[in-house]
1. From the residues in the stretch 26-70 that are open to solvent by 100 Å² or more (accessible area, probe 1.4 Å) and over 15 Å from the mean Cα position of the chain (by Cα), which one is nearest to L13 (Cα to Cα)?
2. Would you please list the contacts, defined by Cβ atoms under 6 Å and residues six or more apart or on different chains, that run from a residue in the stretch 37-62 that is more than 19 Å from L18 (Cα to Cα) to a residue that is open to solvent by less than 60 Å² (accessible area, probe 1.4 Å)?
Amino acid sequence: MLKEHDTLFRRLLLAVDLCLVIASFFAGHYLRDYMGLIYGPEAIREIYPVSAYAGLMPIVAVLWVTTLYF
């Protein structure tokens, strides 16, 4: 019974951590884009849209979970 709870808790932590990694990716992109509005476009270079980076998210997610699981 304790082993089942340990497995469930470990999977829950992995899922929460993965959600936080994905959320921080989008939050970082939004904040950098927002800083360009505050300080002007000459202070911070233009960034690509989120769709340009969306293809990297599955790769980052798999690497992150694999690294934490083992």
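The values are calculated or read from the model by the stated rules, or taken from the named source; none is laboratory data. Quantities reported herein were computed from a predicted structural model and do not represent experimental measurements. Every residue, glycine among them, receives a Cβ derived from its backbone with ideal geometry; neighbour counts consider all protein chains shown. Just so you know, the surface numbers come from the protein's heavy atoms only, side chains and all, with ligands and any DNA or RNA stripped out. Shrake-Rupley method; radii C 1.70, N 1.55, O 1.52, S 1.80 Å.
1. Ranking the qualifying residues of the stretch 26-70, first place goes to F70.
2. Hits for this filter: I44/G36.
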